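Chemist: Provided herewith is a single structure, encoded as structure tokens, for subsequent inquiry.
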Amino acid sequence: MEIDKKEVLRYLGYKNQKIDKNITDLIDICCKEIIDICSKHSVYEIFDIERKNNQIFLLGSTLVLKDKDIKDLLLGCEKCVVMAATLGAKVDSTIAYYSRFDITKGVIMDACASTAIEYVCDEVQDEIMKNALKDNLHITTRYSPGYGDFAIDNGAEILNILDAYKKIGLSITENSIMLPRKSVTALIGLSKTLSSKKHSGCADCKNIDCEFRKDGGFCE
Amino acid sequence: MVGFVNKKDLVSKKINFNNFLLFDGAMGTMLQKYGIQRGELPESYNVLHPDIIEKIHIEYLNAGSDVITTNTFGANRYKLKSTLYSVEDIVGSAVRIAKGVASDKLVALDIGPIGQLMEPLGTLSFNDAYETFAEQIKIGAREGADIILIETMSDIYEARAAILAAKENSSLPVICTMSYQDDGRTLTGTDPITMVNVIQGLGVDALGVNCSLGPNEMLPIITDILKYSSLPVIVQPNAGLPKLKNGEAVYDVHAHEFAQYAKIMAEMGVTILGGCCGTTSDHIKAIKDVICELHPVKRDVKRITAVSSPSLTVVLGEKIRVIGERINPTGKKKLKEALKNNNLDYILQEAINQRDAGADILDVNVGLPEIDELEVMVRTIKELQSVVNLPLQIDSVRPDVIEAAVRIYNGKPLINSVNGKDEIMDSIFPIVKKYGACVIGLTIDEDGIPNTAEGRLKVAERIVSRAMEYGIDKSDIIIDCLVLTASAQQSEVKETIRAVQLVKSTLGVKTTLGVSNVSFGLPQRGILNRTFLAAALTAGLDAPILNPLSEDMMSTINAFNVLWNKDIASAKYIDVYSSFEGKSEAKEIGTAKDLKSIIIDGLKEEASKITKELLKTMTEMEVVNTYLIPSLDIVGKKYESGEIFLPQLLQSAETVKKSFKIIKERMMSSADKKLSKGTIVLATVRGDIHDIGKNIVKILLENYGFEVIDLGKDVHEDVVVNAVRSGNIKLVGLSALMTTTVRSMGETIKALRDNNLDCTVLVGGAVLNEEYAKMIGADYYAKDATQTVKFARKLFKCE
């Protein structure tokens, strides 16, 4: 696994300040440690889509999609990938440890882990894309509960249909907090035509006070 | 609390664990055959389609299963909360369906994981997990299940809660399996030896492994389990690893191949077989055909003396194991202060320091007359286990404290201690037995400490034989032959050494000693301690209790391990000492900078030394006001203006913290103790577990001289109310990071108001803003930690 240091810096709110070697060294150490302790696991399945009563049904599952943004994403798609990924519990306990006894390292480890879970999702997405291409299908961008108007409580149902606790140890609380913390659930559409729907980044996002909001970047 | 339900007469059908026992295969895979959708509640079929469940049971019975498993994997109150069904509906109907078709075969009540992460990483407490399992078990037992099968556990703490619930609420045989990943550990990090060491002692009837892996991948894990388990071993593999076919996960190890693996496992010594995900009645039929030609294999089991944390097992006897003695208030002024002031961070730091110095096990004693020992012990054990991964030694003279601590302990603990007195043995051994702990036995009885080695052996013999009457294996006893002080009983010092030899050779048990007792009352105690330690190690001492921060002690052990051929190729010795001199030299250079620039540059290693230097010529408050506060102000401004970013701010904050530590220690010993600028309560609200932001606020507030009562994360509003009331707190800081948990932030504020507590509430967190903060009734919103500090300084009129 590789952790993109630029991304780590972005999570840390870095805006071109002058930084000493001790901070860059620390970031290197933290990246390495996250790679060492993470136990990445992912699971996904692909469902056929049926559209009925202005809702999208994933056939053979109980998942029904009603929110506008997710329906937009799946416009023209015939299948939908349901995925979940996690870095595992040790990342959580290690970050909790540092955030108590070495807060600088805790904060940097947290940013490294956030970058790492995106990397894991990219890997899964890549695999999905390659397999889809064999069937002449194209993928949309990855879309998670909590983006746009796609309600955050969809996370629980995604984990349920994937049996994610049993398969990858990923759980979710009543308040839609995934545990282990560094985890992602997402949907990806599969369509015969190349998707026109790209992630539009901050321009479309309703969280206008977000500190990560900036040129073309987005915040997941 | 000690004692389980009496087993006699209550077992409805005789279960023969001496022969092969064949379980069934997957329920979910069969349900898929009958058209269940992904995401549908499998347990709902007990009510909606009992005919299908019955059919599945019959298929397995026809295939040859001796035991069928109820359709109750997820039938717990957490999973059923959002459904139309109660635990009573689901578990009751499931057992009735299975019993209806089982005739002379057995029905196992299936208990799967709750599906929520347990504390400290998650929000599910040990007691809640226990209650959840107990509810299922009471119903299942009442309806007539024959066995309780606790399965697919990843978290050994959860498995432990389930086993205790099963033992305390039924008299049925209990089987427990855990699921492993291909790295040989469960998802929460438990390895096979740890599983066996922890679970075997809890009184289960069989243990083993299921799910996650196919039969081939399970073989190395099974090998490990068979090596250590003196109980029957159960294996229920998946039908291979899942492969994605047409977007769906499929398992492709077919019945014949599966049965060949079952044969290999049976020949290795496994006696209970079955299948998990992807297996069907075909797989079970194939196993049946294979094992009817086999006989159970007798195994050689390795009995070890070992204690465990959830992911680390420390085996005594292989090499010298150090038990760190520093978490004990006797003669330690700072620790006493910390215990009285609820300063857990100090205790945790002691644990970290000992771990880093090479301790293998940590003794934990919090006995002070002026505190509630039981409550503090339980909290300390929980906190320690969330921070260090070492097994703990629970040290108290009170049996109720020992039991409470052992009950919530995650792993297999060491209890300190029993002795030869009847009264003590009769109160402690039942706890040792019930919770499967190890225990230290002191060679002292009603007549005191025998003078001779032979006398101490006699006491040790009594302890061991009494333990065995309680069903405790000898391997779970560690004998302490007791060290006498050279200043008072010089002639008897060497009797202890002789006793270690005698006890080991006669009883074959492991030994421990509190080494530094030998030097009480004499100067240069380190010299005596290390020499005595060397002698005791030579006599066969396995686990000295000592101060791991003492270089004298640790170097003696490192040297002994080389000389006694335990540190193979002197690897550890070379690692520790080859660069030893270089390191201490490096520490000497580069302290010429002044404290201000050290803080601004965030050079935390240098802060303590230069602070000490400054305190030679300045008062504590002068250092604070001349250096610490002005530097913090500069750093804060730089952060606000964007000249530095968060990690730089934090490095400076940690540098100040180091300085402050020195200053606080000085002030504790001097008469002038007025350093605190005010006390602030901080909490991450109920339901939220994000606490990095809160921790950042905490360190900055402390930097500015505020005292912070950190209530932690997922804090119930009652806890906040109590803390504010009892401390007469004027400022409360609440943190929430999710839109979903801002609600409980509002409820916390309401609780404070409803209780008429005159405090200001400041809120922060990524999803909050000024407007939102007002809506939930907060007094102020702080966008980051520096703003919180500014606000606090204004409120407490520090500026």
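The values are calculated or read from the model by the stated rules, or taken from the named source; none is laboratory data. Source: prediction; values computed, not measured. All Cβ positions, glycine included, derive from the backbone under ideal geometry; neighbour counts span all protein chains shown.
Chemist: Anything in the range B:599-613 that is within 38 Å of the chain's Cα centre (by Cα) and more than 9 Å from residue B:627 (Cβ to Cβ)? List them, or say none.
Modeler: B:601, B:602, B:603, B:604, B:605, B:606, B:607, B:608, B:609, B:612
Chemist: Restricting to helices (runs of 4 or more DSSP H) lying wholly in the range B:591-706: which have 2 or more residues that are within 14 Å of chain A (Cβ to nearest Cβ) and of a type in the set (Ser, Thr, Tyr)?
Modeler: Counting at least 2 such residues, we get B:646-669.
Chemist: Before we move on, is residue B:252 without any contact (Cβ under 8 Å) to a residue 12 or more places away in the chain and more than 30 Å from residue B:126 (Cβ to Cβ)?
Modeler: When the stated conditions are applied, residue B:252 does not pass them.
Chemist: Would you mind telling me which numbered condition in (1) of a type outside the set (Phe, Trp, Tyr); (2) surrounded by fewer than 21 Cβ atoms within 10 Å (Cβ to Cβ); (3) over 17 Å from residue B:611 (Cβ atoms) residue B:650 fails?
Modeler: Looking at each condition in turn, residue B:650 falls short on (2).
Chemist: Now for a separate question. Does residue A:60 meet the test of being small (Gly, Ala, Ser), more than 20 Å from the chain's Cα centre (by Cα) and either facing another protein chain (nearest Cβ under 8 Å) or closer than 28 Å to residue A:150 by Cα (or both)?
Modeler: For residue A:60, the condition - small (Gly, Ala, Ser), more than 20 Å from the chain's Cα centre (by Cα) and either facing another protein chain (nearest Cβ under 8 Å) or closer than 28 Å to residue A:150 by Cα (or both) - is met.
Chemist: Do you know which residues across the range B:210-232 are part of a loop (DSSP other than H, G, I, E, B), hydrophobic (A, V, I, L, M, F, W, C) and either more than 14 Å from every other protein chain (Cβ to nearest Cβ) or without any contact (Cβ under 8 Å) to a residue 12 or more places away in the chain (or both)?
Modeler: Listed by number, the list holds a single entry, B:231.
Chemist: Let me ask another. Please determine whether any residue of the range B:34-51 is within 13 Å of chain A (Cβ to nearest Cβ), more than 33 Å from the chain's Cα centre (by Cα), basic (Lys, Arg) and within 25 Å of residue A:170 (Cα to Cα).
Modeler: Yes, the range B:34-51 has at least one match.
Chemist: Considering only residues of the range B:271-299 that are more than 16 Å from residue B:25 (Cβ to Cβ) and among the β-branched types (Val, Ile, Thr), which is surrounded by the fewest Cβ atoms within 10 Å (Cβ to Cβ)?
Modeler: B:297
Chemist: Same structure again: Here are the criteria: (1) surrounded by fewer than 24 Cβ atoms within 10 Å (Cβ to Cβ); (2) over 26 Å from residue B:66 (Cα atoms); (3) touching a Ser or Thr at 6+ places or on another chain (Cβ under 8 Å); (4) hydrophobic (A, V, I, L, M, F, W, C). Tell me which single one residue B:141 does not satisfy.
Modeler: Exception for residue B:141: condition (2).
Chemist: Does at least one position in the range B:249-262 carry a residue that is under 15 Å from residue B:278 (Cβ atoms) and in contact with a Leu (Cβ under 7 Å, 6 or more places away or on another chain)?
Modeler: yes
Chemist: When the residues of the range A:71-89 are narrowed to those that are surrounded by fewer than 20 Cβ atoms within 10 Å (Cβ to Cβ) and part of a helix (DSSP H, G or I), which ends up nearest to the other protein chains (Cβ to nearest Cβ)?
Modeler: Checked the range A:71-89; the qualifying residue nearest to the other protein chains (Cβ to nearest Cβ) is A:71.
Chemist: Moving on. Run down A:141, A:185 and say which single residue is surrounded by 22 or more Cβ atoms within 10 Å (Cβ to Cβ) and away from every other protein chain (no Cβ under 11 Å).
Modeler: Residue meeting the stated conditions: A:185.
Chemist: Mind checking which residues of the range B:108-159 are at pLDDT below 95 and acidic (Asp, Glu)?
Modeler: Passing the criteria: only B:119.
Chemist: Can we say residue A:166 is crowded, with 18+ Cβ neighbours inside 10 Å, at pLDDT below 95 and under 30 Å from residue B:29 (Cα atoms)?
Modeler: yes
Chemist: Just checking, does the range A:144-156 include any residue being at the interface with another protein chain (Cβ under 10 Å from one of its Cβ atoms) and at pLDDT 95 or above?
Modeler: yes
Chemist: Shifting gears a bit: Run down B:694, B:713 and say which single residue is touching a strand residue (DSSP E or B) at 6+ places or on another chain (Cβ under 7 Å), of a type outside the set (A, V, I, L, M), closer than 20 Å to residue A:106 by Cα and touching a residue at least 40 places away in the same chain (Cβ under 8 Å).
Modeler: B:694
Chemist: Here's a follow-up. Please enumerate the residues belonging to the range B:523-535 that are among the aliphatic types (A, V, I, L, M) and surrounded by 23 or more Cβ atoms within 10 Å (Cβ to Cβ).
Modeler: B:533
Chemist: With the condition being under 30 Å from residue B:386 (Cα atoms), I'd like the helices (runs of 4 or more DSSP H) fully within the range B:396-509 carrying at least 1 qualifying residues.
Modeler: Answer list for the range B:396-509: B:399-408, B:422-435.
Chemist: Could you list, ordered by first residue, the pairs with Cβ atoms under 8 Å in which the first is in the range B:20-48 and at positive phi and the second is buried (at least 20 other Cβ atoms within 10 Å of the Cβ) and in a strand (DSSP E or B), at least 6 apart or interchain?
Modeler: Matching pairs, first to second residue: B:39/A:61.
Chemist: Out of all the residues in the range B:347-366, is one or more more than 20 Å from the chain's Cα centre (by Cα) and either assigned by TED's automatic domain parsing to the domain that holds residue B:431 or surrounded by fewer than 21 Cβ atoms within 10 Å (Cβ to Cβ) (or both)?
Modeler: Within the range B:347-366, one or more residues are more than 20 Å from the chain's Cα centre (by Cα) and either assigned by TED's automatic domain parsing to the domain that holds residue B:431 or surrounded by fewer than 21 Cβ atoms within 10 Å (Cβ to Cβ) (or both).
Chemist: State whether the residues of the range B:424-443 include one that is over 27 Å from the mean Cα position of the chain (by Cα), of a type in the set (S, T, N, Q) and either modelled with pLDDT under 95 or surrounded by 19 or more Cβ atoms within 10 Å (Cβ to Cβ) (or both).
Modeler: Looking through the range B:424-443, at least one residue is over 27 Å from the mean Cα position of the chain (by Cα), of a type in the set (S, T, N, Q) and either modelled with pLDDT under 95 or surrounded by 19 or more Cβ atoms within 10 Å (Cβ to Cβ) (or both).
Chemist: Quickly run through the range B:503-522 and pick out the residues that are more than 35 Å from the chain's Cα centre (by Cα) and either of a type in the set (Gly, Ala, Ser) or buried (at least 20 other Cβ atoms within 10 Å of the Cβ) (or both).
Modeler: B:521
Chemist: Among the residues of the range B:76-91, write down those that are modelled with pLDDT of 95 or more and β-branched (Val, Ile, Thr).
Modeler: Those that are modelled with pLDDT of 95 or more and β-branched (Val, Ile, Thr): B:87, B:90, B:91.
Chemist: So which of B:389, B:353, B:342 is within 14 Å of another protein chain (Cβ to nearest Cβ) and assigned to a loop (DSSP other than H, G, I, E, B)?
Modeler: B:389
Chemist: Follow-up question, since we're still on this one. Just one of B:381, B:431, B:424 is closer than 30 Å to residue A:99 by Cα and either β-branched (Val, Ile, Thr) or away from every other protein chain (no Cβ under 14 Å) (or both); which is it?
Modeler: B:381
Chemist: Can you find a residue that is out of contact with any Ser or Thr (no Cβ under 9 Å at 6 or more places or on another chain), of a type outside the set (A, V, I, L, M, F, W, C) and surrounded by 24 or more Cβ atoms within 10 Å (Cβ to Cβ) anywhere in the range B:745-758?
Modeler: There is at least one residue in the range B:745-758 that is out of contact with any Ser or Thr (no Cβ under 9 Å at 6 or more places or on another chain), of a type outside the set (A, V, I, L, M, F, W, C) and surrounded by 24 or more Cβ atoms within 10 Å (Cβ to Cβ).
Chemist: Output the residues belonging to the range A:3-37 that are touching a residue at least 40 places away in the same chain (Cβ under 8 Å), over 30 Å from residue A:70 (Cα atoms) and not aliphatic (A, V, I, L, M).
Modeler: Within the range A:3-37, A:30, A:31, A:33 qualify.
Chemist: Take residue B:274 and tell me if it is at pLDDT 95 or above and closer than 17 Å to residue B:21 by Cα.
Modeler: The answer is yes for residue B:274.
Chemist: Within the range B:233-271, track down each residue that is among the aliphatic types (A, V, I, L, M), outside any loop (DSSP other than H, G, I, E, B) and at pLDDT below 95.
Modeler: Selection gives B:244, B:249, B:250.
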